[in-house]
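The values are calculated or read from the model by the stated rules, or taken from the named source; none is laboratory data. This is a predicted model, so every value here is computed, not measured. Reconstructed Cβ throughout: ideal geometry from the backbone, glycine too, with neighbour counts over all protein chains shown.
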Amino acid sequence: MKKSGTEKKRVRRSSAAAPNGGNRDPNADTPPRKQAAKKDVFQLFAEKVRNHKELESRWAVLQETRVEYFRGRDIVIFLKKHPELKDILESDRNLEIEDIANILLRTNLLVRCDRVVKTVRPGKRKLSSWPAHLEIFPDQVFSENDAFFAWTFVNRRPLWQTLLSFFWPVLTLAICLFPVYPHQAKLLILYSCAGVLLLIVSMLLWRAVIFGAIWIIVGKRVWFFPNILAEEATLRELFRFWPKKDEEERPKWTARLFYAIVAVLVILLLRHHAPDEAARARYQKRVSNIIDDVLEWSPSLALSGMMEKQQTVVNTTEPNNNFTDGAETSSEKTVPSNDTDEEILLEQRVDEDDIENIEDAELPSTSQ
């Protein structure tokens, strides 16, 4: 009995000393709730960093999927500028930035990416700072030198996006019901859409004109609203007014002179073939008639027009048995479509002669 008691004590002591034995994984004995809490802490940290406005990020295509990514050196500068964000990590707040990034990579909150195009394109001095197409980097370790990191989790949508998702079906139904709107509502929608379309076309035209003029005269590439036609830009970046820096080589004076001559010739050609006032008036009348047809449409007019068409079709299909003096009139005759004009005239003359012969034959009988 004493031996068994001493053996139990030894087993308890050995089991208590085992965690400090060095070969065992320290994470093996941690409760799953603590691991989940630690993971939730890094999840909250990643969401806080991603939604922060001062962390510069872009959108790109990663294996046919649009992702939001940032550069390695940007997050280092960002966390050094905002060390208070590390307080979310609680016990891991004293970790280095590189260690935090590696934990985010191991927990699949981040993925390291690399640019698809690794060669400098013709006419450019260096690679793009923000590539539009990415691929997964084989070594998933944090680095600051030309390394890109994409967020892998789905960001929480703000309230306005949720409301907008419910608004789109209503807008689609409203567009389909446009023909039954009142006349004043149709005018308001028409002029509003025409104004917005004119604003967009004018902005794009003046943007191209300013770029061409500065490129020909100064040799600089200046695009106002540089992201207005970008597919991967966010709504905030889409309406950025200030142009980006010119990273390409300065164009040659021969190319600038050639395109200046081409621009002058195009302007002279358009001026020479410009429509006159009469053609412009005809085109304006035609467009206004089309717009009036759209604006004045209503279900009652459509039904009345359908009834009128149906009545005309019935009238044309009824047989006409009215004859004058036993002969058919010229309007009731059917003429083959493949006859020439001479054959049609000849047939009409023959019909007139037949009618005269019939009248001459009936005259003696009537006189008696």
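Hey, among the residues in the stretch 202-220 that are hydrophobic (A, V, I, L, M, F, W, C) and surrounded by 13 or more Cβ atoms within 10 Å (Cβ to Cβ), which one's farthest from Ala263 (Cα to Cα)?
Met203
Identify all residues within the stretch 127-156 that are among the acidic types (Asp, Glu) and part of a loop (DSSP other than H, G, I, E, B); write none if there are none.
Listed by number, the residues that qualify are Asp139, Glu144, Asp146.
Looking for whichever is under 23 Å from the mean Cα position of the chain (by Cα), under 15 Å from Arg71 (Cα atoms) and at pLDDT 85 or above here; the options are Ala174, Ala150. Which one fits?
Only one candidate qualifies: Ala150.
Against the definition (outside the structural domain of Leu55 (by TED's automatic domain parsing), within 24 Å of Lys126 (Cβ to Cβ) and assigned to a helix (DSSP H, G or I)), how does Phe224 come out, yes or no?
Considered against the rule, which asks whether it is outside the structural domain of Leu55 (by TED's automatic domain parsing), within 24 Å of Lys126 (Cβ to Cβ) and assigned to a helix (DSSP H, G or I), Phe224 comes out as no.
Quick one: is Leu159 within 26 Å of the chain's Cα centre (by Cα), aliphatic (A, V, I, L, M) and surrounded by 12 or more Cβ atoms within 10 Å (Cβ to Cβ)?
no
For the stretch 181-201, which residues satisfy the criterion of being surrounded by 11 or more Cβ atoms within 10 Å (Cβ to Cβ) and touching a residue at least 60 places away in the same chain (Cβ under 8 Å)?
If the condition is that a residue be surrounded by 11 or more Cβ atoms within 10 Å (Cβ to Cβ) and touching a residue at least 60 places away in the same chain (Cβ under 8 Å), then Lys186, Leu187, Leu190 are the ones that fit.
What is the number of the single condition among (1) surrounded by 14 or more Cβ atoms within 10 Å (Cβ to Cβ); (2) touching a Cys at 6+ places or on another chain (Cβ under 7 Å); (3) of a type in the set (Val, Ile, Thr) that Thr152 does not meet?
(2)
Quick one: is Glu56 assigned to a loop (DSSP other than H, G, I, E, B), within 20 Å of Glu144 (Cβ to Cβ) and either at pLDDT below 90 or among the basic types (Lys, Arg) (or both)?
It is true that Glu56 is assigned to a loop (DSSP other than H, G, I, E, B), within 20 Å of Glu144 (Cβ to Cβ) and either at pLDDT below 90 or among the basic types (Lys, Arg) (or both).
Among the residues of the stretch 97-147, what is the count of those that are over 19 Å from Glu68 (Cβ atoms) and buried (at least 18 other Cβ atoms within 10 Å of the Cβ)?
2
Table: residues versus (1) in a loop (DSSP other than H, G, I, E, B); (2) among the polar types (S, T, N, Q).
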{"residue": "Trp242", "(1), (2)": "yes, no"}
{"residue": "Lys245", "(1), (2)": "yes, no"}
{"residue": "Arg250", "(1), (2)": "yes, no"}
{"residue": "Ala263", "(1), (2)": "no, no"}
{"residue": "Ile267", "(1), (2)": "no, no"}
{"residue": "Ala278", "(1), (2)": "no, no"}
{"residue": "Tyr283", "(1), (2)": "no, no"}
{"residue": "Ser288", "(1), (2)": "no, yes"}
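When the residues of the stretch 69-96 are narrowed to those that are under 18 Å from Arg112 (Cβ atoms) and surrounded by fewer than 14 Cβ atoms within 10 Å (Cβ to Cβ), which ends up farthest from the chain's Cα centre (by Cα)?
Within the stretch 69-96, the match that is farthest from the chain's Cα centre (by Cα) is Glu96.
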